[in-house]
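Everything below concerns the one structure shown next.
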Amino acid sequence: NANFKCYIRTILGGKWIRNMRLKIKAKHIALGILGIAIIVLAFTPILAGTRWQKSSIAIGLLSIAAPFISDLVKENKRQQEVEEKFLEFVRALSNSVKAGIPIPKSIKMVSEADYGALTPHVKKLARQLEWGLPLRDGLMTFAKDTKNKLIKKSIVIVIEAEKSGGNIQDVLSAVTSSVLQMKKIKEERKSMVFAQILQGYIVFFIFIGIMIVLMVYLLPQLEGTGGMIVGQTLGDTGGGMMGLENDLTIAPSQLDYDVIFTALILIQGFFAGLIVGKFSEGEFKYGIKHALIMIMGGYLLFATATGL
């Protein structure tokens, strides 16, 4: 069981599930109530049995999931801003240390600048050092508060260099170069994989289009043709085969294509979304938003077009 849980965490991006904190806000409650109301409405006589019933269910589920998707997107943007501002912070700190100012005082000086999403963490670090907290503890708290892997790795390097008596100035310069290089690599990767992300969405919705054509045009014609052929064949053998004829003509329609195609949408959308997230952001967890978009969008389109 322990190995299985470890494997699942690895697939979904490490320990992010354990560290993830869902904060329920007013928008979550409001959209959740709206989504539940839409789902309940779908089972009322107004929509029950119509082509809009399952579309309404999809819209309700999307309404419930939308605020959480929005929070995930905002957190992703915040992390990107934190990495960019961390580069500015390290550069300013390195320049201050080069001037011969000790690191605690340098952090106090550079904390007066605006670092966007990183500003609260920098000011907290400066206050902690001012109150007498050891530099190592302050930096570790700073790294944990940002919840950013790149910053954590950089801070560990600085702490180890300070612990071993290395030249902090050189270490900060090396960290600056490393962060800058990582930022360039991420930007290059995003520009390279954009076409693949777009291709992933196009392929998925082409897949949905094929299923719609099958469900609306091809399968009804095949069932009708099959029923006619069976009826003509058994009709030539005499009326004693009428019971068998009924069984054979009903059999094709007994296949629940709605359930089969819905399962295909869920499977294809989920895994395609995870792959898109892995390509674009480097971690499977960022693919959840793409997976939800594909699943909800694909199912909504399929349910509305087929009228099931």
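We did not get these values from a lab; they are worked out from the coordinates using the rules stated. Not measured: the values here are computed from a predicted model. Ideal geometry is used to build each Cβ from the backbone, glycine not excepted, and the neighbour counts take in all protein chains shown.
Annotations
- Segments 187-193, 84-90, 148-154, 73-79 sorted - mean Cβ within 10 Å per residue, highest first: 84-90, 148-154, 73-79, 187-193
- Packing around the peptides 101-108, 286-293, taken as the average count of other Cβ atoms within 10 Å per residue, puts them in this order, highest first: 286-293, 101-108.
- Formal net charge of residues neighbouring Phe279 (Cβ-Cβ distance under 12 Å; K, R +1; D, E -1): +1
- Each residue of segment 136-147 is assigned a 3J(HN,Hα), and the resulting list reads 4, 5, x, 5, 5, 5, 4, 5, 5, 5, 6, 6 Hz, derived from the Karplus form 6.51 cos²θ - 1.76 cosθ + 1.60 (θ = phi - 60°), x at Gly and Pro.
- Each Lys or Arg adds one and each Asp or Glu takes one away; over the other residues whose Cβ falls under 13 Å from the Cβ of Ile151, this sums to +3.
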